[in-house]
Amino acid sequence: MRRALSLQTRLLWAASLALAAFLGVTGYALEQAFTKSALQSTRERLRSYVLSYIAGSDMNVRGTLILPEVPPDPEFERPQSGLYAGVTGPDYDWRSTSTLGRQIPFDIQLEPGRTQFDGPIETNIGGVYRYAQGVAWEIGGGKEVKMTFFVAQSETALKRQVNVFRRTLFFHLGSAAAVLLLVQVLMLRWSLRPLRQVANDLGRVERGERDSLPDRYPRELSPLTSSINDVINNEREQRTRYRNTLGDLAHSLKTPLAVIRGQLDATSAGDDTRTTIAEQVQRMDDLVAYQLARAAASGHATFSAPIEIEKHAEAIVTGLEKVYAARGILCEFEIDAQARFYGETGDLLELLGNLLENAFKWAKGRVVLQVVRLNPAGTRRPGLDICVDDDGPGIPDDKVETLLKRGVRGDERVQGHGIGLSIVQDIVKSYRGHLAVERSPELGGARFHVRFEATR
């Protein structure tokens, strides 16, 4: 199953997308504004050239136009410079030296006083921007001569300006984006630090390193941490009440059962009746014993202190070796020094006690207890892997399922109520673990494999 993105990643992605959109829109708006400004600057520049030509020109009485000897810009005298000038009128057409080899569209006639700016106009050398203004000269006798002055500029210059601005703009916007992203990362890490602290403190509570979450978080998180502490306390109180109630009930039933058994021994009822009653009393007694054992097994605890395994295992094996001293059974330990059981001590004793006792019952002479700590990366609380092997006859595959049921024994000739392994099964399930019954690869007998996964 695919894991959801972390809160920090979500916020960083959202902020980055918002920043990219903002900088993109800003860059586009600035580029458009600069292009418009550059185009307006080009228009004013061409207009000033036209006015300079008009101001420096004159017309004699014969109607001949006299242009200024020095142009407004030396580029007008340099061929193919990209800056062009021209004048058209009745039977008059003048072009600047820069127009040599160029077909500049100086082909319109404007009324005196009118101006026109257009472009880019396609020519044999690419697009040009053109500014034109109509003028009229009086030459005497009430006559006037109409002329149109032109100045044009290649759009290459404007494009060059825009490209330089675009590169500069992208460089500065990119630098700003990098700085802002770094600031965002730092701000997010600082802002989410209290949440990470809550997760770390909660992990410490789960590992049993502290009893509850401290009261040192920002006020926005205080309701959350208070609720978590309430859940922790309620769980502990509930488990205690459940364990006490079940234990009290089972103990209360022990006394009436003992009275019934005593009265049954003293009665003179027939053999069939006595046998039937005795069987039912024994069955009830088995149930009471089972419930007493379940009362001791408190089950999965989300918030519990870690319990060292080796010393408890040694105590259990010491007692079993005395009970089975006549058989000379040897029990070997392979226990990880860092392995810990996160739960109640009573549950650990029930689990190891039942598994080891079962192994001692069936072993020919050797029992092996293996305990491995499971601590993959990214987990708050390590897991546990427990294996109990013996060199006995083993358990057939077709009997594994029924063996774990309450009251079922591997061999009816072996004494016991047959509820030990079912208690183990209940404890393992209550801690969300898994119990497997296998063939021991080393000893050849049975292997009881218990696995508690690490908590993420």
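The values are calculated or read from the model by the stated rules, or taken from the named source; none is laboratory data. Just so we're clear, the structure is a prediction, and the values are computed from it rather than from any experiment. Neighbour counts run over all protein chains shown; Cβ positions are idealised from the backbone, glycine included.
Here the stretch 23-61 is the region considered, the condition is being among the charged types (D, E, K, R) and within 53 Å of the chain's Cα centre (by Cα), and the residue that is surrounded by the fewest Cβ atoms within 10 Å (Cβ to Cβ) is Lys36.
Going residue by residue through the stretch 176-198, is there one that turns out to be more than 22 Å from the chain's Cα centre (by Cα) and either touching a residue at least 40 places away in the same chain (Cβ under 8 Å) or within 30 Å of Gly82 (Cα to Cα) (or both)? Within the stretch 176-198, one or more residues are more than 22 Å from the chain's Cα centre (by Cα) and either touching a residue at least 40 places away in the same chain (Cβ under 8 Å) or within 30 Å of Gly82 (Cα to Cα) (or both). Counting only residues that are farther than 18 Å from Met147 by Cβ, charged (D, E, K, R) and part of a loop (DSSP other than H, G, I, E, B), the stretch 97-131 holds 1 of them.
Criterion first (modelled with pLDDT under 90 and surrounded by 13 or more Cβ atoms within 10 Å (Cβ to Cβ)) does Gly119 satisfy it?
Numbers: modelled with pLDDT under 90: yes; surrounded by 13 or more Cβ atoms within 10 Å (Cβ to Cβ): yes.
It is true that Gly119 is modelled with pLDDT under 90 and surrounded by 13 or more Cβ atoms within 10 Å (Cβ to Cβ).
Against the definition (over 59 Å from the mean Cα position of the chain (by Cα) and modelled with pLDDT of 85 or more), how does Leu83 come out, yes or no? Taking the combined requirement at face value, the residue satisfies it.
Do you know which residues across the stretch 442-453 are part of a loop (DSSP other than H, G, I, E, B) and surrounded by 17 or more Cβ atoms within 10 Å (Cβ to Cβ)?
Residues of the stretch 442-453 that are part of a loop (DSSP other than H, G, I, E, B), as a first pass: 442-445, 453.
Correct list: Leu443, Gly445, Glu453.
Output yes when any residue across the stretch 135-143 is surrounded by 13 or more Cβ atoms within 10 Å (Cβ to Cβ) and in a helix (DSSP H, G or I), and no when none is. The answer is no, given that none of the residues of the stretch 135-143 is surrounded by 13 or more Cβ atoms within 10 Å (Cβ to Cβ) and in a helix (DSSP H, G or I).
When you check Phe171 against the structure, is it free of Cβ contacts under 8 Å to residues at least 12 places away in the same chain and closer than 30 Å to Ala14 by Cα, yes or no?
Values: free of Cβ contacts under 8 Å to residues at least 12 places away in the same chain: yes; closer than 30 Å to Ala14 by Cα: yes.
The answer is yes for Phe171.
One residue stands out among those in the stretch 1-57 that are closer than 20 Å to Leu182 by Cα and among the polar types (S, T, N, Q): the one that is modelled with the lowest pLDDT, which is Ser6.
Quick check: is even one residue across the stretch 423-430 within 16 Å of Asp390 (Cβ to Cβ), at pLDDT 65 or above, surrounded by 20 or more Cβ atoms within 10 Å (Cβ to Cβ) and β-branched (Val, Ile, Thr)?
First, pick out the residues of the stretch 423-430 that are within 16 Å of Asp390 (Cβ to Cβ): 424.
With at pLDDT 65 or above added as a condition, the list becomes 424.
Those still in the list that are surrounded by 20 or more Cβ atoms within 10 Å (Cβ to Cβ) too: 424.
Narrowing the set further to residues that are β-branched (Val, Ile, Thr) leaves 424.
Within the stretch 423-430, one or more residues are within 16 Å of Asp390 (Cβ to Cβ), at pLDDT 65 or above, surrounded by 20 or more Cβ atoms within 10 Å (Cβ to Cβ) and β-branched (Val, Ile, Thr).
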